[in-house]
Amino acid sequence: MAFLDRVLQVPSYGWMDTNGELIKPTARESFREFFSRLNVFKDKRNWLPFFSWLKVLCLAPFFTLFLVQYFSLYTFLIAFLYSMIIMGTHGTIWHHRYCTHGAYKFRNHFWRFFTQNLTLNVIPEEIYVISHHVHHSKSDKPGDPYNAYGGFLYCFLADVNHQPIAKNLSEQDYNRVKSLMLHTGVKANSYKQYKRWGSYVNPGRAVLSWVLNWAFWGTVFYLLGGSALLCTLFGAAGFWAVGVRTFNYEGHGKGSGVQRDGIDFNKKDKSVNQIWPGIVAGEWHNNHHLFPKSARSGFKPMQIDLAWVYIRTMNFLGAVSSYKDNKKQFNELYYLPELARKKQSAIEKIALSKSLKEQNRA
């Protein structure tokens, strides 16, 4: 088995059947797996997925207060801006393009730390990064941790049911996990600690990072706008934390063939370019699957890419030392040939129309 075939913890229902077909768990099986893997009393090595959802639960009271006590058109607009655009774009900048794909490099550790903590700490890097490498290796195939063919719950509960790293990796394989995470700045457990905690990151460091991040932003938000702003933005982060778990189901067409010619050029999987995630978070997903290591995925005119704007701005300021941009290759291989095809098609239609008119006159 290849490394990416065994790096993730296999769900109790498995990835595929004896015929190599994707196993689609029932809702009952999905929830049973979900709650079993959150049970830290059964196995303390379940701490990381438990910790990930604990953050969501901690944000829920803020969201409730926002709705019940502080909701207004003004706070709604602020919540929309923070959850949809700021949190969404930061997820693309940090977790996706940097931590997973290394699409750009920081000048020094300060700017990496700065970017990492631009928003509330919600998604553990380890859960996102390792599983996302598997996703690209097995996109829409058995073993893809958020395979849209598995259904909505298969994707929505994936951070617990499918994305954590395996608990029984050899030291060699664990070192490969470390190599995939090294540039993120998240300090690794030793192999002995990994065997104890079942994770790359140490729980003590993870909790400390979480507490310091939330304390800092909680103080900033309160000083800027009191309890109203604090509850609005913490609640907005909670809304994003739940909503982002639906993305890969939608981003791969819900497992259906909804790709459009001239818009979705990557035909190797079911990824699609969606206007909303593209505009608010720079996540033009089909483009990304064409060039996963590109720091830009908004290649075509009008494909707004706010994540790319941040990366280029940081490069201009000297905080980002280098980046990869595949727009030129995209244009040469896909966009310009498509424009030429459309132009030729239009010419042929005009010629056919003229020919028919001449025949009618005759």
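Restricting the first member to the range 174-194 and to residues that are farther than 22 Å from ASN121 by Cβ, and the second to residues that are among the β-branched types (Val, Ile, Thr) and in a helix (DSSP H, G or I), no beta-carbon pair is closer than 7 Å while six or more apart or on different chains.
When the residues of the range 313-329 are filtered to those that are part of a helix (DSSP H, G or I) and touching a residue at least 12 places away in the same chain (Cβ under 8 Å), which remaining residue is surrounded by the fewest Cβ atoms within 10 Å (Cβ to Cβ)?
Within the range 313-329, the first condition is being part of a helix (DSSP H, G or I), and the residues that meet it are 313-317, 327-329.
Keeping just the survivors that are touching a residue at least 12 places away in the same chain (Cβ under 8 Å) gives 314-315, 327, 329.
On the way: MET314: 20, ASN315: 17, LYS327: 18, GLN329: 13.
The selected residue is GLN329.
Conditions tested, residue by residue: (1) at pLDDT 95 or above; (2) polar (S, T, N, Q).
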{"site": "GLY278", "(1), (2)": "yes, no"}
{"site": "TYR310", "(1), (2)": "yes, no"}
{"site": "PHE316", "(1), (2)": "yes, no"}
{"site": "SER321", "(1), (2)": "yes, yes"}
{"site": "ALA346", "(1), (2)": "no, no"}
{"site": "LYS357", "(1), (2)": "no, no"}
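Only residues that are β-branched (Val, Ile, Thr) and exposed (fewer than 15 other Cβ atoms within 10 Å of the Cβ): list them for the range 243-262, please. Answer for the range 243-262, where residues must be β-branched (Val, Ile, Thr) and exposed (fewer than 15 other Cβ atoms within 10 Å of the Cβ): THR246, VAL258.
From the list PHE152, PHE156, which one is aromatic (Phe, Trp, Tyr), within 27 Å of ALA237 (Cβ to Cβ), modelled with pLDDT of 95 or more and surrounded by fewer than 17 Cβ atoms within 10 Å (Cβ to Cβ)? Working first, answer last.
Values: PHE156 fails: surrounded by fewer than 17 Cβ atoms within 10 Å (Cβ to Cβ).
Testing whether each residue is aromatic (Phe, Trp, Tyr), within 27 Å of ALA237 (Cβ to Cβ), modelled with pLDDT of 95 or more and surrounded by fewer than 17 Cβ atoms within 10 Å (Cβ to Cβ) leaves just PHE152.
The residues of the range 277-319 that are under 15 Å from the mean Cα position of the chain (by Cα) and of a type in the set (Lys, Arg), listed by number, are LYS293, ARG296.
So that you can scan it fast, the table gives a plain yes or no per residue for (1) in a loop (DSSP other than H, G, I, E, B); (2) in contact with a helix residue (DSSP H, G or I) (Cβ under 8 Å, 6 or more places away or on another chain); (3) crowded, with 19+ Cβ neighbours inside 10 Å:
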{"residue": "TYR70", "(1), (2), (3)": "yes, yes, yes"}
{"residue": "PHE76", "(1), (2), (3)": "no, no, no"}
{"residue": "VAL134", "(1), (2), (3)": "no, yes, yes"}
{"residue": "TYR146", "(1), (2), (3)": "yes, yes, yes"}
{"residue": "LYS167", "(1), (2), (3)": "yes, yes, no"}
{"residue": "LYS178", "(1), (2), (3)": "no, no, no"}
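Free of Cβ contacts under 8 Å to residues at least 12 places away in the same chain and either surrounded by 12 or more Cβ atoms within 10 Å (Cβ to Cβ) or outside any helix (DSSP H, G or I) (or both): does that describe MET302? Explain how you work it out, then say what you get.
Details: free of Cβ contacts under 8 Å to residues at least 12 places away in the same chain: yes; either surrounded by 12 or more Cβ atoms within 10 Å (Cβ to Cβ) or outside any helix (DSSP H, G or I) (or both): yes.
For MET302, the condition - free of Cβ contacts under 8 Å to residues at least 12 places away in the same chain and either surrounded by 12 or more Cβ atoms within 10 Å (Cβ to Cβ) or outside any helix (DSSP H, G or I) (or both) - is met.
Annotation: PRO142 fulfils all but one of (1) under 14 Å from VAL10 (Cα atoms); (2) part of a loop (DSSP other than H, G, I, E, B); (3) within 15 Å of the chain's Cα centre (by Cα); the unmet one is (3).
For LEU48, are the conditions met, namely being in a helix (DSSP H, G or I), within 28 Å of SER209 (Cα to Cα), touching a residue at least 12 places away in the same chain (Cβ under 8 Å) and touching a strand residue (DSSP E or B) at 6+ places or on another chain (Cβ under 8 Å)? Yes, satisfied.
The values are calculated or read from the model by the stated rules, or taken from the named source; none is laboratory data. This is a predicted model, so every value here is computed, not measured. Neighbour counts are summed over all protein chains in view; Cβ atoms, including those assigned to glycine, are modelled from backbone coordinates with ideal geometry.
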